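The values are calculated or read from the model by the stated rules, or taken from the named source; none is laboratory data. Quick caveat: nothing in here was measured; it's all calculated off a predicted structure. Cβ: placed from backbone, ideal geometry, glycine included. Neighbour counts: every protein chain shown.
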Ligand code: FAD
């Protein structure tokens, strides 16, 4: 008996649902990863995500080979390559972990149909989330659209079983041996990026190192997570995106049956992981959110969409230091702190009056951790168009947000060096600086740093009018 295990956004060997089930099936397990040309063809030739995936695949191949197995690494269209490979290996089943994105679901349907024709089974497993699809429903049997009751139902359902690791290590003897080669980045048509300079370590080793570091700080997470100037968050999002770490392992850190009363840091951590599940199930049940507002009426909002304002936002040149620092962090590193994602998204929609989909697209291009469900959910939340979104009349003030979450301007100064010498009391709104201060520190607005491109108070009134029409 031969079976295939098809790796996708689950680039690790440990605690891996599909690999576990394949290994337990009684067959010889052939592992495969496909660099999907239908996805890669639209990407720029220097793309950090491709580089991250490539490095993680290489690490996975090495780990599997060390365990007596192998990973075949193919390049092409998986809807033809996987059935062809299954036929060549004489596989009776193909195992993989479920992906809830509409395009991935479609791809899997095509593969499953081709396999079925050949008499080969397509077996998908839950791995990426703790609870999926219809596992957490309202009492009326409907999917939740509001987070807090979803979270309560999620927590009520959680047992040790749901966070238990899959003991892959005990069954590795069933791996089919091999010494497959790894295509180079150049062979895939891509260039190596600056991941090393950014100190982003791919693969399970990179994820484990980040997680170990985070565990030394998790107790303070509930407080520290809101301040972009301090190391308060886990930075694990890219690893969660590509599955180089197991979600069960992360959830176990917060939820221990022997200690049901966890500290506030642990509770806050689990809460964020539940947000991740929440948006995955929203995308699964409401795939139309990919192009449309969750609240259909908000699809017709007449945003003026000024291209010049959009460019200033993208470039971090709006004259609002916290917004500019955040956008420059994104452009420089492919990452942005959660508090800043909320501030910049709100600013684009409510201050610059640009359709949230423009911002969503820009984030999708730049974020190394880009995840369709979380990005769409986050944007629709900030734009007030989503399920359980920020009400449209609650508009972030970029100056007070900045004062609250970067009080001394530590983060701003890191990414907006023009303002390095700006005194703390003016760093959040440099246009309030008096002439003599400006002369003393040699900082002239309009020359060294932009004047604010919009007046927040006026922009707020305009946004209220825009949204209240619906
Ligand atoms: P931590 O604070 O350490 O959180 C741990 C993990 O919890 C994250 O890695 C993530 O998987 C999950 N998580 C945390 N917050 C959220 C949330 N609000 N929604 C869903 N999952 C969450 N997250 C992405 O992974 N990819 C995206 O493309 C993405 N786009 C976003 C766009 C906007 C406008 C907003 C407001 C949020 C977005 N988020 C996205 C959610 C969140 O900002 C990031 O997950 C987080 O900043 C990643 O950093 P971290 O791993 O250090 O976070």
Test result for residue 171, in contact (Cβ under 8 Å) with a residue 12 or more places away in the chain and either assigned to a loop (DSSP other than H, G, I, E, B) or within 12 Å of the ligand (Cβ to nearest atom) (or both): no
Residue 133 vs (1) touching a strand residue (DSSP E or B) at 6+ places or on another chain (Cβ under 9 Å); (2) in the same structural domain as residue 23 (by TED's automatic domain parsing): all pass except (2)
Within the stretch 355-368, residues more than 7 Å from the ligand (Cβ to nearest atom) and assigned to a loop (DSSP other than H, G, I, E, B) come out as 355, 368
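Rundown of residues vs (1) without any contact (Cβ under 8 Å) to a residue 40 or more places away in the chain; (2) more than 26 Å from residue 75 (Cβ to Cβ), yes/no style:
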position	(1), (2)
195	no, no
202	no, no
214	yes, yes
221	no, yes
228	no, yes
232	yes, yes
243	no, no
250	yes, yes
Within the stretch 256-279, is there a residue that is surrounded by fewer than 16 Cβ atoms within 10 Å (Cβ to Cβ), touching a residue at least 40 places away in the same chain (Cβ under 8 Å) and more than 15 Å from the ligand (Cβ to nearest atom)? yes
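Can we say residue 352 is within 14 Å of the ligand (Cβ to nearest atom) and touching a residue at least 24 places away in the same chain (Cβ under 8 Å)?
Details: within 14 Å of the ligand (Cβ to nearest atom): no; touching a residue at least 24 places away in the same chain (Cβ under 8 Å): yes.
No.
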Being crowded, with 21+ Cβ neighbours inside 10 Å and in a loop (DSSP other than H, G, I, E, B) is the filter here, so list the residues in the stretch 369-386 that pass it. 371, 383, 384, 385, 386
Can we say residue 288 is within 15 Å of the ligand (Cβ to nearest atom) and part of a helix (DSSP H, G or I)? no
